[in-house]
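Engineer: So that we are looking at the same thing, I have put the structure below in structure tokens.
The values are calculated or read from the model by the stated rules, or taken from the named source; none is laboratory data. These figures come from a predicted structure and were not determined experimentally. When we count neighbours, we look across all protein chains shown, and the Cβ atoms used for this are built from the backbone with ideal geometry, even at glycine. In case anyone asks, the SASA skips ligands and DNA or RNA and just uses the protein heavy atoms, side chains included. Shrake-Rupley method; radii C 1.70, N 1.55, O 1.52, S 1.80 Å.
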Amino acid sequence: MSFNVLVAYDRSDLSRKAVEEAKEQIKLAEDAVVHIVTVISNGGPTVNATLARSFMNDLAKEARPAIESIRKELEEGGIKCKTDILLDYTFRNPASQLIDYAKENEIELIVLGSRGLGGVGRFFLGSVSSQVVHQAHCKVLVVK
Ligand SMILES: Nc1ncnc2c1ncn2[C@@H]1O[C@H](COP(=O)(O)OP(=O)(O)O)[C@@H](O)[C@H]1O
Ligand SMILES: [Mg+2]
């Protein structure tokens with residue numbers, strides 16, 4: 001079975017650093033696949049589901065180029081890569097989607113940043129990284 005590594009990518013500098021860390025982690029593996037995954041969340045409850053859907057589709061379109069340029073870079077370096085943009089219509093923390101993805105795709109290691117795009121928080125770990133550390137079925141590596 002291949003060594004499946006998930007990078008939770010939200011376009012923050014630390015999630016970019018997580019991509020670099022994933023490259024380090026697979027160096028000794030014979031058959032590794034790096035999964036680059038971005039979750040697009042529904043910002044909050046809204047009266048209009050159609051509007052929410054179209055908004056999220058726009059966000060997904062916007063997220064695509066960044067994730068595809070990482071794929072290109074990894075593949076040029078001879079690394080097998082899968083990319084996915086997950087749309088979350090519920091109001092859950094995006095961590096839930098990452099955790100589910102990890103289970104469904106036999107991920108052995110999740111790499112993510114301690115903080116993301118959420119700006120300065122009071123805590124060392126953001127809500128996504130904190131939930132992933134607590135609930136993922138596999139190893140989690142937090143870069144800072
Ligand atoms: N929507 C998302 N999709 C994929 N990965 C994410 C997403 N949000 C956060 N992450 C991952 O979790 C890390 C920590 O982010 P987060 O917990 O959201 O902190 P913050 O509160 O600072 O935004 C990020 O560096 C990134 O690796
Ligand atoms: Mg965040």
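Engineer: In terms of solvent-accessible area of protein heavy atoms at a 1.4 angstrom probe, what is the ranking of Met1, Met56, highest value first?
Structural biologist: Correct descending sequence by accessible area is Met1, Met56.
Engineer: How many nm is it between the label spots at Asp58 and Thr90, if each spot is 7 Å from the Cα in line with the beta carbon?
Structural biologist: 2.6
Engineer: Using 10 Å bins from zero, what percent of all Cα-Cα pairs in region 1-112 falls into each bin?
Structural biologist: The percentages, shortest bin first, are 14, 45, 29, 10, 2, 0.
Engineer: Dipole of region 5-97, Cα-centred, from +1 at each Lys and Arg C-beta and -1 at each Asp and Glu C-beta, to the nearest 20 debye?
Structural biologist: 240
Engineer: Mind ordering 112-118, 28-34 by average Cβ neighbours within 10 Å, highest first?
Structural biologist: 112-118, 28-34
Engineer: Ok, one more. Over what distance in Å are the Cα centres of region 121-144 and region 1-69 separated?
Structural biologist: Between the Cα centre of region 121-144 and that of region 1-69, the gap is 15 Å.
Engineer: What 222 nm value per residue comes from the helices of the chain, counting each DSSP H run with n ≥ 4 as -39,500 (n - 2.57) and dividing by all residues, nearest 500 deg cm²/dmol?
Structural biologist: Values: 4 runs with 61 residues, N = 144.
After summing the helix terms and dividing by residue count, I get -14000 deg cm²/dmol.
Engineer: Name the most mobile residue of Thr50, Thr38, Thr83, meaning the one with the largest mean-square fluctuation, in a Gaussian network model of the chain with Cα contacts below 10 Å.
Structural biologist: Result: Thr50 has the largest fluctuation of those listed.
Engineer: I've got another one for you. For the chain, what is the accessible area per residue in Å², given a 1.4 Å probe and the full set of protein chains?
Structural biologist: Dividing the accessible area of the chain by its residue count gives 57 Å².
Engineer: OK, next. With a 1.4 Å probe and every protein chain kept in, tell me what percent of the accessible surface of the chain is carbon plus sulfur.
Structural biologist: Working: 4340 of 8200 Å².
About 53 percent, which is the carbon plus sulfur part of the accessible surface.
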